[in-house]
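S.K.: My structure is below; once you've seen it, I'll send some questions.
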Amino acid sequence: MIGIILTSHGELAKGLLETTKLFLGEDLEQIEAVCLQPQDNPDEFVNVLAEAVKRVDSGDGVLVFCDLLFGSPCNCMARILGDNVEVVTGMNLPMVLEVMTSRTFSKPDVTALIETGKSGVADLKAVLAAAE
(Lines give C-alpha, C1' and ligand atoms only; values in the text may rest on other atoms or scores of the structure.)
Protein backbone atom coordinates (compact mmCIF):
# COMPACT_ATOMS: atom_id res chain seq x y z
CA MET A 1 0.00 0.00 0.00
CA ILE A 2 1.30 3.42 -0.90
CA GLY A 3 2.14 5.76 1.98
CA ILE A 4 0.62 9.22 2.20
CA ILE A 5 2.04 12.44 3.63
CA LEU A 6 0.05 15.64 3.97
CA THR A 7 2.28 18.68 4.42
CA SER A 8 1.44 22.33 4.82
CA HIS A 9 2.16 25.70 6.31
CA GLY A 10 0.62 25.77 9.77
CA GLU A 11 -1.93 23.17 10.86
CA LEU A 12 -3.77 22.70 7.54
CA ALA A 13 -2.32 19.21 6.96
CA LYS A 14 -3.23 18.10 10.48
CA GLY A 15 -6.79 19.40 10.05
CA LEU A 16 -7.12 17.64 6.71
CA LEU A 17 -5.97 14.37 8.28
CA GLU A 18 -8.47 14.74 11.13
CA THR A 19 -11.26 15.46 8.63
CA THR A 20 -10.26 12.42 6.59
CA LYS A 21 -10.61 10.33 9.75
CA LEU A 22 -14.18 11.61 10.15
CA PHE A 23 -15.00 10.04 6.80
CA LEU A 24 -12.85 6.90 6.93
CA GLY A 25 -12.30 6.14 10.61
CA GLU A 26 -9.50 6.65 13.09
CA ASP A 27 -7.38 3.64 12.14
CA LEU A 28 -5.77 4.95 8.97
CA GLU A 29 -2.47 3.32 8.12
CA GLN A 30 0.63 4.79 6.51
CA ILE A 31 -0.51 8.40 6.55
CA GLU A 32 1.02 11.35 8.39
CA ALA A 33 0.49 15.09 8.60
CA VAL A 34 3.70 17.13 8.66
CA CYS A 35 3.16 20.79 9.50
CA LEU A 36 5.66 23.60 8.98
CA GLN A 37 5.45 26.16 11.77
CA PRO A 38 6.76 29.75 11.59
CA GLN A 39 9.65 28.95 13.94
CA ASP A 40 10.78 25.90 11.90
CA ASN A 41 13.99 25.99 9.92
CA PRO A 42 13.38 24.86 6.31
CA ASP A 43 16.70 22.97 6.23
CA GLU A 44 15.61 20.98 9.29
CA PHE A 45 12.10 20.57 7.87
CA VAL A 46 13.62 18.67 4.93
CA ASN A 47 14.88 16.10 7.43
CA VAL A 48 11.48 15.93 9.15
CA LEU A 49 9.85 15.19 5.80
CA ALA A 50 12.51 12.63 4.86
CA GLU A 51 11.89 10.76 8.12
CA ALA A 52 8.13 10.83 7.53
CA VAL A 53 8.67 9.38 4.03
CA LYS A 54 10.65 6.50 5.56
CA ARG A 55 7.96 5.82 8.17
CA VAL A 56 5.03 5.60 5.73
CA ASP A 57 6.83 3.76 2.91
CA SER A 58 6.24 0.01 3.07
CA GLY A 59 8.00 -0.49 -0.26
CA ASP A 60 5.17 0.65 -2.55
CA GLY A 61 6.24 4.29 -2.54
CA VAL A 62 4.87 7.50 -1.10
CA LEU A 63 2.49 10.14 -2.37
CA VAL A 64 2.96 13.56 -0.80
CA PHE A 65 0.27 16.22 -0.88
CA CYS A 66 1.53 19.80 -0.40
CA ASP A 67 -0.66 22.80 0.26
CA LEU A 68 0.96 25.24 -2.14
CA LEU A 69 3.07 24.96 -5.28
CA PHE A 70 6.53 26.38 -4.54
CA GLY A 71 5.68 27.02 -0.89
CA SER A 72 8.28 25.95 1.67
CA PRO A 73 6.85 22.42 2.26
CA CYS A 74 6.80 21.84 -1.51
CA ASN A 75 10.30 23.23 -1.95
CA CYS A 76 11.55 21.00 0.88
CA MET A 77 9.97 17.96 -0.81
CA ALA A 78 11.71 18.89 -4.06
CA ARG A 79 15.01 18.36 -2.25
CA ILE A 80 14.17 14.74 -1.38
CA LEU A 81 12.28 13.55 -4.45
CA GLY A 82 13.12 10.06 -5.58
CA ASP A 83 11.75 7.27 -7.74
CA ASN A 84 9.50 6.13 -4.89
CA VAL A 85 8.04 9.60 -4.10
CA GLU A 86 5.39 11.56 -6.00
CA VAL A 87 4.26 15.05 -5.01
CA VAL A 88 0.94 16.73 -5.76
CA THR A 89 0.38 20.36 -4.79
CA GLY A 90 -2.81 22.25 -4.05
CA MET A 91 -4.12 19.45 -1.85
CA ASN A 92 -7.77 19.38 -0.92
CA LEU A 93 -10.18 16.97 0.76
CA PRO A 94 -11.57 15.36 -2.44
CA MET A 95 -8.03 14.42 -3.54
CA VAL A 96 -7.12 12.91 -0.20
CA LEU A 97 -10.36 10.95 0.12
CA GLU A 98 -9.96 9.64 -3.43
CA VAL A 99 -6.47 8.28 -2.82
CA MET A 100 -7.30 6.95 0.63
CA THR A 101 -10.18 4.87 -0.71
CA SER A 102 -8.26 3.43 -3.65
CA ARG A 103 -4.58 3.17 -2.70
CA THR A 104 -4.70 -0.51 -1.79
CA PHE A 105 -6.02 -1.48 -5.23
CA SER A 106 -3.66 0.32 -7.55
CA LYS A 107 -0.93 2.91 -7.76
CA PRO A 108 -2.56 6.35 -7.65
CA ASP A 109 -3.04 8.09 -10.97
CA VAL A 110 -1.67 11.55 -10.19
CA THR A 111 -3.41 13.13 -13.19
CA ALA A 112 -6.76 11.71 -12.08
CA LEU A 113 -6.17 12.93 -8.51
CA ILE A 114 -5.53 16.44 -9.79
CA GLU A 115 -8.76 16.31 -11.79
CA THR A 116 -10.62 15.12 -8.68
CA GLY A 117 -9.21 18.08 -6.78
CA LYS A 118 -10.23 20.50 -9.52
CA SER A 119 -13.74 19.08 -9.77
CA GLY A 120 -14.25 19.75 -6.07
CA VAL A 121 -13.85 23.49 -6.68
CA ALA A 122 -17.10 25.03 -7.88
CA ASP A 123 -19.41 28.03 -7.74
CA LEU A 124 -22.38 26.59 -5.84
CA LYS A 125 -24.85 29.10 -7.29
CA ALA A 126 -23.80 28.18 -10.82
CA VAL A 127 -24.03 24.45 -10.08
CA LEU A 128 -27.50 24.81 -8.58
CA ALA A 129 -28.66 27.02 -11.44
CA ALA A 130 -27.43 24.48 -14.00
CA ALA A 131 -29.36 21.73 -12.20
CA GLU A 132 -32.70 23.57 -12.49
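The values are calculated or read from the model by the stated rules, or taken from the named source; none is laboratory data. Here the structure is a predicted model, which means the values were calculated and not measured. Cβ atoms come from the backbone with ideal geometry, glycine included; neighbour counts cover every protein chain shown. When the accessible area is computed, the model is the full protein with side chains, heavy atoms only, and any ligands, DNA or RNA have been set aside. Shrake-Rupley method; radii C 1.70, N 1.55, O 1.52, S 1.80 Å.
S.K.: In whole Å, how far is the Cα centre of segment 100-119 from that of segment 1-75?
M.R.: Value for the Cα centre distance between the two parts: 17 Å.
S.K.: Nearest 500 deg cm²/dmol is fine: what mean residue ellipticity at 222 nm does the chain get from its DSSP H runs of n ≥ 4 alone, each adding -39,500 (n - 2.57), divided by its residue count?
M.R.: One gets -13500 deg cm²/dmol as the mean residue ellipticity at 222 nm.
S.K.: Rolling a 1.4 Å sphere over the protein heavy atoms, what is the accessible area per residue of the chain, to the nearest Å²?
M.R.: 57 Å²
S.K.: Can you tell me which lysines have their Cα less than 24 Å from the Cα of K118? Leave out same-chain residues fewer than eight positions away.
M.R.: Partners found: K14, K21, K107.
S.K.: Shifting gears a bit: Bin width 10 Å, alpha-carbon pairs only: give the P(r) of segment 42-110 as whole percents, running from 0 to the bin holding the largest distance.
M.R.: Answer for segment 42-110: a P(r) of 19, 53, 26, 1 percent.
S.K.: P(r) for the chain, please, calculated from all Cα pair distances in 5 Å bins and given in %.
M.R.: Here the calculated profile for the chain is 2, 10, 21, 23, 20, 12, 6, 3, 2, 1, 0.
S.K.: For the peptides 55-67, 11-23, what is the packing order when you average, over each peptide's residues, the other Cβ atoms within 10 Å and list the highest mean first?
M.R.: Taking the mean over residues of other Cβ atoms within 10 Å, the ranking is 55-67, 11-23.
S.K.: May I pose another question? Compute the distance in nm between two label points, each set 7 Å from the Cα along the Cα-to-Cβ direction, one at N84 and one at I114.
M.R.: Simple spin-label model gives 2.5 nm for this pair.
S.K.: Farthest toward the dipole's positive end in segment 1-53, which of N41, L12, I31, given Cβ charges of +1 (Lys, Arg) and -1 (Asp, Glu) about the Cα centre?
M.R.: L12
S.K.: Something else about it: For segment 1-67, give the percent of accessible area contributed by carbon and sulfur heavy atoms, probe 1.4 Å, rounded to a whole number.
M.R.: Heavy-atom surface of segment 1-67 belonging to carbon and sulfur, 1.4 Å probe: 51 percent.
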